[in-house]
Amino acid sequence: SNIESIYHATEAAKTLTNCKLSVEDYRSTISSTIQSDKSTTAEIYYAVCSSVNLGLNIVESTIEKRLNTLAKTDDSILSQGYALLTGAQLSPAIAKYYADTINDLVQQADELDGRILQYEGGISTTAFIFDAFYEVSEKASSSIKIDPKQLIKFANYFSTKRHVATLRSAYYLTKAFKHLSDNKNSIPIVVTRASPSEVNLQNPSVLVSVTNLFGQTVGEMTVTADSAKRNEDGVVVISKQKLTPKSSDFTIYELPFYDKKIPRGFYTIHLTLTPSTNGKFIGLTDHTIDVKV
């Protein structure tokens, strides 16, 4: 739409030095978008952002009224996401009103396998909504109102989406990763196997990667293998064994595993992490690594 083009132009001009746009070229389109009953929530967002970028005065009560009306006619998750992002452009008081709705929006997410949360519309929609949660909370100066268990389920979903099809998805996924790796927020820990799945004489150890979603270090952790059980019969071959840091940045830990006495088979290693530094870490338990002997 025309207002979307104006939004992109003003966003680009904001980041470029010596790029000044003529306010008068856009004033009437922005104003009519805000006043029009036919405007969508997305268009209201574009108009408000464009106003902010161009230094135009915003009558917040008018925007609130438009958003409230739109909420009655379009309660789609995308529309609600745009409402949050619009709220993030307004006063902290209005932003707080929208930040307080985050929990309701989280409840609208679909849960898969008890470990993933996503919205209908896939990665593009989910990462977009997730970004809106953080943007509006930041404007409201309030902490993000998402239960840590739910936050981990969103993080699980994002961590499976390293390759995305559109620039929009990539943009919002990167923003989601950034929010979930920022020290001022809760940081989910990502634990993955960093060595071959088969353990043998040549590869006697299991290497485990411990990072944030960006693959960056989260500082030193005490990583403990609570147990290693053979899948077919539950035989425990390791119990409460600490892993050894293998890299100076504490992203790789080693668990010696191969032993002639260990029977052949498929094993699941259960890991628990304990941080050495103070941080808002979540997802420190219930990590599993599968290996074959």
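Worth pointing out:
- Exclusive hit being within 24 Å of Leu284 (Cβ to Cβ), surrounded by fewer than 21 Cβ atoms within 10 Å (Cβ to Cβ), in contact with a helix residue (DSSP H, G or I) (Cβ under 9 Å, 6 or more places away or on another chain) and not assigned by TED's automatic domain parsing to the domain that holds Leu213, set Glu138, Glu111: Glu111
- Listed by position, the strands (runs of 3 or more DSSP E) inside the stretch 108-206 whose residues that are touching a residue at least 24 places away in the same chain (Cβ under 8 Å) and of a type in the set (Asp, Glu) number at least 1 are 110-112.
- Residue ranges of strands (runs of 3 or more DSSP E) in the stretch 232-293 with at least 1 members outside the structural domain of Ile144 (by TED's automatic domain parsing) and without any contact (Cβ under 8 Å) to a residue 12 or more places away in the chain: 236-242
- Residue list for the stretch 207-223, restricted to those being part of a strand (DSSP E or B) and either acidic (Asp, Glu) or surrounded by 18 or more Cβ atoms within 10 Å (Cβ to Cβ) (or both): Leu207, Val208, Val210, Thr211, Met221, Val223
- Any hit, the stretch 278-293, residues being surrounded by fewer than 16 Cβ atoms within 10 Å (Cβ to Cβ) and more than 28 Å from the chain's Cα centre (by Cα): yes
- For the residues Tyr157, Tyr119, Tyr171, the requirement of being more than 30 Å from Val293 (Cα to Cα) and at pLDDT below 95 singles out Tyr171.
- Unique match (being free of Cβ contacts under 8 Å to residues at least 40 places away in the same chain, assigned by TED's automatic domain parsing to the domain that holds Gln107 and among the aliphatic types (A, V, I, L, M)) among Ala71, Ala47: Ala71
The values are calculated or read from the model by the stated rules, or taken from the named source; none is laboratory data. The shown structure was predicted, so the numbers you read here are calculated from the model rather than taken from an experiment. Neighbour counts are summed over all protein chains in view; Cβ atoms, including those assigned to glycine, are modelled from backbone coordinates with ideal geometry.
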